[in-house]
Amino acid sequence: MTRAEFMGRLRRGLVGMPTAAAADIASDYETHFEDGAAAGRSEAEVAAALGDPDRLARELRAEAGAQRWHQEKNPSAAAGAVFAVLGLGAIDLLILLPIFMSVVGVLFGFFMAAVGLFIGGGAVMIAGPFAGFPGGVATAILGGIGLMAGATALGALTAIVTILLVNATVWYARLHYRLLKPALGEQSPADGKF
């Protein structure tokens, strides 16, 4: 494989990453080719030592997503980390995607239930005293506050479980990467050995 072919495939695999990060990665791999040429190695030898550019791109995207999640801890970073991990392997995708989507669906359901309970509690608290709520004004206000507090607790628990799920996904990605790393051989670019 030539330098141009390798770099083209690597760049295509990095599409969707932040531009600066993708440019830095591409620059690093260009340097590997320059160093190899300076050492008298052919482009094909350097490309073979670096490994499959598609696999490298998936692993680099997964690692970048995991690092972003650990730095930012926001929904966008969580989604990026999860999708980067899912991109690591097609078999994992076929096995994990149905399970993952089921869990995400349940979490989304709990989140929507929390929002509904909070809005319902506010409506009971505000409209209950004027609508002749059974038990009187105090019962309506306290019932509404209770529903809103329950909704807040449900939302907080859902957020905690979501964060744990994202952390578990990132942990799985790193484990997956560590398992794949020996397959890359002794000349892995992450080790700096060429």
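Please find, among ARG9, ARG41, the residue that is closer than 18 Å to ALA64 by Cβ and at pLDDT 85 or above. Walk me through it before giving the result.
Values: ARG41 fails: closer than 18 Å to ALA64 by Cβ.
None of the other options fit; the residue is ARG9.
List pairs: first residue in segment 90-111 and assigned to a helix (DSSP H, G or I), second residue at pLDDT 70 or above anywhere in the structure, Cβ distance under 6 angstrom, at least six positions apart or on different chains.
Once the first residue is assigned to a helix (DSSP H, G or I) and sits in segment 90-111, its partners that are at pLDDT 70 or above give LEU107/THR158; LEU107/THR162; PHE110/THR158; PHE111/THR158.
Consider only pairs whose beta carbons are under 7 Å apart and that are at least six residues apart or on different chains; among these, list those whose first residue lies in segment 133-152 and is under 18 Å from GLY109 (Cα atoms) and whose second residue is in a helix (DSSP H, G or I) and of a type in the set (Gly, Ala, Ser).
Pairs that qualify, where the first residue is under 18 Å from GLY109 (Cα atoms) and the partner is in a helix (DSSP H, G or I) and of a type in the set (Gly, Ala, Ser), are LEU147/GLY120; LEU147/GLY121; MET148/GLY121; MET148/GLY122; ALA151/ALA114; ALA151/GLY121.
Of all residues in segment 16-48, how many are in a loop (DSSP other than H, G, I, E, B) and either touching a residue at least 60 places away in the same chain (Cβ under 8 Å) or within 15 Å of GLU59 (Cβ to Cβ) (or both)?
Number satisfying all stated conditions: 2.
Any chance segment 154-168 includes a residue that's hydroxyl-bearing (Ser, Thr, Tyr), farther than 17 Å from ALA57 by Cα and at pLDDT below 85?
Step one: of segment 154-168, the residues hydroxyl-bearing (Ser, Thr, Tyr) are 158, 162.
Keeping just the survivors that are farther than 17 Å from ALA57 by Cα gives 158, 162.
Of the ones still in play, those that are also at pLDDT below 85 are none.
No, segment 154-168 contains no residue that is hydroxyl-bearing (Ser, Thr, Tyr), farther than 17 Å from ALA57 by Cα and at pLDDT below 85.
Quick one: is ALA66 modelled with pLDDT under 85 and farther than 20 Å from LEU165 by Cα? Don't jump to the end; show me each part of the working.
On the way: modelled with pLDDT under 85: yes; farther than 20 Å from LEU165 by Cα: no.
Considered against the rule, which asks whether it is modelled with pLDDT under 85 and farther than 20 Å from LEU165 by Cα, ALA66 comes out as no.
The values are calculated or read from the model by the stated rules, or taken from the named source; none is laboratory data. Not measured: the values here are computed from a predicted model. A quick note on method: Cβ atoms are made from the backbone with ideal geometry, for glycine too, and the neighbour counts reach across all protein chains shown.
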